[in-house]
Protein chains: 2
Amino acid sequence: MEAKDKFKINLLGAEEQARRLGKLKGQMAAAGISHALVRGNVNIYYLTGRVFRGFIYVSAAMEQPYYFVREPNHLVSDGVAPDSHIRKPEEIPALLEARGIKVDSAIGLELDTLSYSEVLRLTACFGQQPSANISPCLRRARAVKTDAEIAKLRCDGEKQTLVYERIPHCFRDGMSDVEFQIEIERLSRLEGCLGQFRVAGPDMELFMGNVLTGRNADTPSPYDFAMGGEGLDPSLPVGASGEIIHENAPVMVDVNGNYNGYMTDMTRMYIEGEPSVKAVEVLELSASICRALADMMHPGVPAADLYNKALQMATDAGMADFFMGHRSHAGFVGHGVGIEINELPVIAPRSRDILAAGNVIALEPKFVVPGLGAIGIENTYVVAADGAPEVLTKAPENFIRLD
Amino acid sequence: MEAKDKFKINLLGAEEQARRLGKLKGQMAAAGISHALVRGNVNIYYLTGRVFRGFIYVSAAMEQPYYFVREPNHLVSDGVAPDSHIRKPEEIPALLEARGIKVDSAIGLELDTLSYSEVLRLTACFGQQPSANISPCLRRARAVKTDAEIAKLRCDGEKQTLVYERIPHCFRDGMSDVEFQIEIERLSRLEGCLGQFRVAGPDMELFMGNVLTGRNADTPSPYDFAMGGEGLDPSLPVGASGEIIHENAPVMVDVNGNYNGYMTDMTRMYIEGEPSVKAVEVLELSASICRALADMMHPGVPAADLYNKALQMATDAGMADFFMGHRSHAGFVGHGVGIEINELPVIAPRSRDILAAGNVIALEPKFVVPGLGAIGIENTYVVAADGAPEVLTKAPENFIRLD
């Protein structure tokens, strides 16, 4: 970061910020919300290009947002003034009024993520004006990425691809899934991975990703990810469990692609020795589902159509029982990605999302086959206005040899 | 985990669970809450020893809790029945009524962590009965650890101490703070660190801990941790920033101690070469504040007294301007630790917490001195019924040599 930018709130530049605010205001207009106070890290980062502690006030009637920054904060420590320093949110209404803004209609708040207690407190600040839910507006605005966001995701895809290509170098004979994952984590971090794995939804937890091999792949997990795994401890029951990686046994690698605040999502299969004929067949089925769904990725297509096509292909191949899990099944085959790993659109049977140009979508048609483990790939795509989607995740899609 | 325990919900054993439920019911009685529905991962883990997707119904009138487990879930996949499988929380009231339980008073919910939208949904399930806030009850119950919890924390302390003693072996000349941290992350993970860093409060984020050296230590961060740092990216502005570790420059290491769902918190100072006389003095001041505060750690002592003592000692040493930061200051000198890194009691000037036997408290009297960087140690203590607290974090407290 340039020193001169260090204490500036908006790191996006005026045009890019206007583009994102425009999307948000469009959603607010559709929802009948005339103004909002945005507070969550993810949404503050979306609207300014940085995380700070405070609030962003967005109004349909104003071109620029107002910032309210809580002290102590890195943005106020050098005396370069953001719009307003506050110690507590109760100060906001008077500061707005001083600028001629009267809060006399329901204010939009992130009701799907802010705690109940915090919403009560913020609502009380505004004299018990009821609040409106700005969360769906933000999710929908963020689902359609700008060119600047796509550029960041392209960069993630390049770094993640580089890491995935180097993964065989960190494998050693006789390793457990956890030991292998630790070396992949290190590779990723050395390439610039920030580690933080932002995921929407209460109680979704995962550390740096998932490496699955053998029977562990068929251990269901309480988390709503595509794949499960027992994990190392009942306090975090997901992922690698200490299973030894055997010769000729497929290993699924799906690790954190956050290199700059945005993240791509990629899964690849690795193997020491030779995959069985069946394993190769299942992997080819996964890749062919990805290709078929990518061919359907055009603006206006219902997300549910993609899911149904994937399920149809799995069924036609006699693999429906193993599609997206075996002892338990995930209810989706893909999802938007961006600042969080699970954004809109959702590629699921009852999804009402319609694809739009600028959606960035991870497709992960995966199978869990008893005796083989978890098999499948995952790619991240950008939906184009015309023509084929751009693939951001480019590591080889066949079994990658570990020896 | 034993195979037979795999699908059992309560992994704590009947006695230990009864002990924890007893604490919670005591808090509920004091708050006038007769029954509650617990849903957050952290609290579900506290009450059962495992994370699952669902709800725990706790009533003052019942010895045992009821479990409502959402499908798909690892606990129901093998047909070993938990109390009740549900697909959605709307099914809970009828299931309770079938057992003769009528929800006719305010039900306790985790209002400080559940989203506003989720609380509205749960409240509607119970016919718009108002909800009561169970969050403070859970926080207070969890602040006083049982012997079984302390045993887990003791184990964390041993593992973390082992890792901290090995840290010099992973240092290489000319490394940056980030490169050093990545090797420490790997060391920790290989020793069994789960990685997941659970922190209470909206918008607290940190990946695996903080390694600070040089001027970066004086870069304030928007997060409410004891120390700051610019971080690698404006999307996660905290911690190591790529600063090169220079000879004779102190390096502060404060990394994740979660080895089993609980975590200890330890900070130590490392140096390649020789610390300056001033650096040694400041570190000795930090250690002597720890000793003085540990001497005060007895049941019945106000947490604020500990903070005031620390500030007094810093002031007497002429170091008040550098205490808990320099360009920005953290408002506390210690905090409870357990399943989350920031539990009760809070060791802060306006804290109303009173120490109790079984509190597990991390003390981190740290200084940021221009020209020297961040200096200080952090230890985790168990408050004893009688006598001195037990120290769980035992790595050497002087500068640990990297060469």
query: Inside the range A:231-241, can you point out the residues that are farther than 21 Å from residue A:323 by Cβ and either at pLDDT below 95 or within 10 Å of chain B (Cβ to nearest Cβ) (or both)?
result: A:231, A:232, A:233, A:234, A:235, A:236, A:237, A:241
- prompt: Does residue B:391 meet the test of being of a type in the set (A, V, I, L, M), in contact (Cβ under 8 Å) with a residue 24 or more places away in the chain and more than 24 Å from residue B:323 (Cβ to Cβ)?
  reply: no
field: Filter result for residue B:121 (modelled with pLDDT of 90 or more, part of a helix (DSSP H, G or I), of a type outside the set (S, T, N, Q) and crowded, with 17+ Cβ neighbours inside 10 Å)
entry: no
message: Among (1) away from chain B (no Cβ under 14 Å); (2) assigned to a loop (DSSP other than H, G, I, E, B); (3) modelled with pLDDT of 90 or more, there is one condition residue A:105 misses while meeting the rest; what is its number?
response: (3)
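Conditions (1) at pLDDT 95 or above; (2) more than 25 Å from residue B:221 (Cα to Cα); (3) buried (at least 22 other Cβ atoms within 10 Å of the Cβ), marked per residue:
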site: B:286; (1), (2), (3): yes, no, yes
site: B:294; (1), (2), (3): yes, yes, no
site: B:298; (1), (2), (3): yes, yes, no
site: B:304; (1), (2), (3): yes, no, no
site: B:311; (1), (2), (3): yes, no, no
site: B:316; (1), (2), (3): yes, yes, no
site: B:324; (1), (2), (3): yes, no, yes
- request: Tally the residues that are surrounded by 16 or more Cβ atoms within 10 Å (Cβ to Cβ) and more than 14 Å from residue A:70 (Cβ to Cβ), restricting the search to the range A:81-118.
  value: 16
- request: Write out, first by first residue and then by second, each pair whose Cβ atoms fall under 7 Å of each other, whose residues are 6+ apart or on separate chains, and whose first residue, in the range B:189-216, is free of Cβ contacts under 8 Å to residues at least 12 places away in the same chain while the second is surrounded by fewer than 17 Cβ atoms within 10 Å (Cβ to Cβ).
  value: none
- request: With the checklist (1) closer than 23 Å to residue A:30 by Cα; (2) assigned to a helix (DSSP H, G or I); (3) of a type in the set (A, V, I, L, M, F, W, C) in hand, flag the one item residue A:132 doesn't pass.
  value: (2)
message: I'd like to know if the range B:200-210 contains one or more residues that are surrounded by fewer than 24 Cβ atoms within 10 Å (Cβ to Cβ) and farther than 24 Å from residue B:342 by Cβ.
response: no
task: Read through the list (1) of a type in the set (S, T, N, Q); (2) modelled with pLDDT under 95; (3) under 20 Å from residue B:344 (Cα atoms), then give the number of the only condition that residue B:256 fails.
output: (2)
- prompt: Would you pick out the residues in the range A:150-179 that are without any contact (Cβ under 8 Å) to a residue 24 or more places away in the chain and not in a helix (DSSP H, G or I)?
  reply: A:172
- prompt: Do we have residue B:185 as surrounded by 19 or more Cβ atoms within 10 Å (Cβ to Cβ) and more than 24 Å from the chain's Cα centre (by Cα) here?
  reply: no
query: What number of residues within the range B:246-284 are outside any loop (DSSP other than H, G, I, E, B), surrounded by fewer than 23 Cβ atoms within 10 Å (Cβ to Cβ) and out of contact with any strand residue (DSSP E or B) (no Cβ under 7 Å at 6 or more places or on another chain)?
result: 5
- prompt: Got a sec? Which of B:200, B:217, B:148, B:226 is among the small types (Gly, Ala, Ser), over 22 Å from residue A:196 (Cβ atoms) and more than 10 Å from every other protein chain (Cβ to nearest Cβ)?
  reply: B:148
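The values are calculated or read from the model by the stated rules, or taken from the named source; none is laboratory data. Predicted, not measured: the structure shown is a model, and the values here were computed from it. As a convention, Cβ positions derive from the backbone with ideal geometry for all residues, glycine included, and neighbour counts pool all protein chains shown.
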